[in-house]
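Structure first, then comments.
Just so it is clear, none of the values below were taken in a lab; they were calculated from the coordinates. If you're wondering where the values come from, they're calculated on a predicted model, not measured in any experiment. Quick reminder, even Gly has a Cβ in these numbers, built from the backbone with ideal geometry, and neighbours come from all protein chains shown.
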Amino acid sequence: MEFQVEDSVLVNNFISGDEKALEILINRHNQRISSFIYSKVLDRDVTEDIFQDTFIKVIKTLKKGTYSEEGKFLPWVMRIAHNLIIDHFRRNKRMPMFEGNEDFNIFSVIGDDKLNAEKQLIKDQIDTDLRLLIDELPDDQREVLLMRIYKDMSFKEISENTGVSINTALGRMRYALINLRKIIDKNNIVLTS
Amino acid sequence: MENIYVNNKKECKLIKVKPETIQFLLDYSKSLHFVEKDGIVFQSNLN
């Protein structure tokens, strides 16, 4: 039969400076305490965190010399773990964790869809290059393209503003795009980020 | 108070924390020291 040193002896040894005693205590009660925490929180990562916090409190109390052997070591550790579990639920109640599901992703609402600094620089450069290319277009085509793309005007509004028919405005827009592509191909310009 | 008791007992299982967690605690313990001076307790972590 294997001789097992009592918890109280190990605790006293640890207080006296025997670090090995702590290792024996943790390994001895690992499963019991971990399973107790897991049975309440049902999350492996949270269990690890609470277990760690529990023993940090245990170590501090023992090293500080404020531990009194009134009860048993394990019930005392379980009580600390229990209090930390309650703290965990209180914290989560104040700030509930929402992970979303297949139908709804929280990041679709709170996500930051702005470009990062590098992508914003590239986009600005492309916009500048594109404006220079548009300036190369004949006046009538450039006018229609600017109204349609940059001023978001309808072809009806463009025709009214330029005094040409809608079909002419559509034709000028078509040629503007064809000519832009030609300039881009001719000069091997890459306009992608 | 928050009801923290599980309804589904099947979800209760025996587990152990990772060896890394235990190692962290042992290292933490070795680094932790309390020094008392003039009735004041100082805590220090010496890595």
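Before moving on, here are some points about what is shown:
- Every residue from the range A:29-64 that is within 9 Å of chain B (Cβ to nearest Cβ), under 22 Å from B:HIS33 (Cα atoms) and out of contact with any helix residue (DSSP H, G or I) (no Cβ under 7 Å at 6 or more places or on another chain): A:LYS60, A:LYS63, A:LYS64
- A:ASN179 vs. criteria touching a Pro at 6+ places or on another chain (Cβ under 9 Å) and assigned to a helix (DSSP H, G or I): yes
- Scanning the range A:150-190 for residues that are under 16 Å from A:ASP135 (Cα atoms) and not charged (D, E, K, R) yields A:TYR150, A:MET173, A:TYR175, A:ALA176, A:LEU177, A:ILE178, A:ASN179, A:LEU180, A:ILE183, A:ILE184, A:ASN187, A:ILE189.
- Some residue of the range A:15-27 being touching a Ser or Thr at 6+ places or on another chain (Cβ under 8 Å) and surrounded by fewer than 20 Cβ atoms within 10 Å (Cβ to Cβ): yes
- Applying a threshold of 9 Å to beta carbon distances and a minimum spacing of six or more residues, or different chains, the list of pairs starting in the range A:140-152 at a residue that is under 13 Å from A:GLY171 (Cα atoms) and ending at one that is polar (S, T, N, Q) reads A:ASP140/A:THR162; A:ASP140/A:THR168; A:GLN141/A:ASN179; A:GLU143/A:ASN161; A:GLU143/A:THR162; A:VAL144/A:THR162; A:VAL144/A:THR168; A:ARG148/A:SER154.
- Scanning the range A:157-183 for residues being among the aliphatic types (A, V, I, L, M) and either loosely packed, with under 12 Cβ neighbours inside 10 Å or farther than 21 Å from A:MET147 by Cα (or both) gives a total of 1.
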